[in-house]
Amino acid sequence: MTLRSADFESAVSTNSTTPAVRGASINRVMNFCSSCGARVALRIPDGDHLERHVCPACGTIHYENPKLVAGCVPEHDGRILLCRRAIEPRRGYWTIPAGFMENEETLQQAAARECWEEALARVEIGSLCAIVHVLHAHQVHVMFRATLAEPSYGVGVESLEVMLCAEAQIPWPEIAFPSVAFALRKYLEDRAAAAQGLHFTTIDMRLPGR
Ligand SMILES: [Zn+2]
């Protein structure tokens, strides 16, 4: 699966000037218990310090935790593989291959799978480049370096177009997500310095009251 979630990091980017509100937030759209079907209630369980969706019928506490997104910056002959998104959010904008991790796969496997799904490219995943905490979307994006295992790529069903792009041709204003721009910039800075650093950043566009 690729990045399809309506609450992906760009979803509230139009409110980026809103001051961030500190404090944990919760997805308040859960109505029913997935274990027994009863209506859930929002409350702080005994011994906890945050509101959770709690089922009064069967007692299940529905914890919500950040989702992991895995991606890579695939390089071949000095150029970077970029995909133009065929799906919302940010349809028509450019990204590196990335998407939600599935159960029972490693971060590296997830990153390589996304590259195959979006760009029909086999990659060898290298070192870790960037970790981006996307607080408002409840996601952590983990981006690796990668090289094409063979000089072959195509247009996956989730892409409109795929290209190998020289650094000078990267369409920065049309990059889909801040986390992708961050990973790309750090990748290129490191490459210019013959380094392979690990870079962290936090993106926080939470709305008041969330
Ligand atoms: Zn229940």
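The values are calculated or read from the model by the stated rules, or taken from the named source; none is laboratory data. In this text the structure is predicted, and so the values were computed from the model without any measurement. A quick note on method: Cβ atoms are made from the backbone with ideal geometry, for glycine too, and the neighbour counts reach across all protein chains shown.
General observations
- Residue list for the range 154-210, restricted to those being in a strand (DSSP E or B) and either more than 16 Å from Glu75 (Cα to Cα) or aliphatic (A, V, I, L, M) (or both): Ser159, Leu160, Glu161, Val162, Met163, Leu164, Ile175, His199, Phe200, Thr201, Thr202, Ile203
- For the range 107-134, the set of residues classified as within 17 Å of Ala181 (Cβ to Cβ) and surrounded by fewer than 21 Cβ atoms within 10 Å (Cβ to Cβ) consists of Ile131, His133, listed by residue number.
- Candidate set from the range 174-191 (those that are more than 21 Å from Gly92 (Cβ to Cβ) and of a type outside the set (Ser, Thr, Tyr)); member that is surrounded by the fewest Cβ atoms within 10 Å (Cβ to Cβ): Glu189
- Residues that are within 13 Å of the ligand (Cβ to nearest atom) and polar (S, T, N, Q) within the range 44-67 comprise just one, Thr60.
- Pick from the range 151-168, criterion closer than 16 Å to Ala98 by Cα and among the charged types (D, E, K, R), ranking: surrounded by the fewest Cβ atoms within 10 Å (Cβ to Cβ): Glu161
- When Ala111 is tested against (1) closer than 21 Å to Gly78 by Cβ; (2) within 17 Å of the chain's Cα centre (by Cα); (3) part of a strand (DSSP E or B), just one condition goes unmet, and that condition is (3).
- With respect to the stated conditions, Pro171 fails to be at pLDDT below 95 and surrounded by fewer than 18 Cβ atoms within 10 Å (Cβ to Cβ).
- Among residues of the range 118-146 that are under 13 Å from Leu68 (Cα atoms), those with a Cβ under 6 angstrom from a residue that is of a type in the set (D, E, K, R) and assigned to a loop (DSSP other than H, G, I, E, B), sequence gap 6+ or separate chain, pair up as Val134/Glu9; Leu135/Asp204; Ala137/Asp7; Ala137/Glu9.
- All positions within the range 63-95 that are out of contact with any strand residue (DSSP E or B) (no Cβ under 8 Å at 6 or more places or on another chain) and over 18 Å from Gly154 (Cβ atoms): Asn65, Gly78, Glu88, Pro89, Arg90
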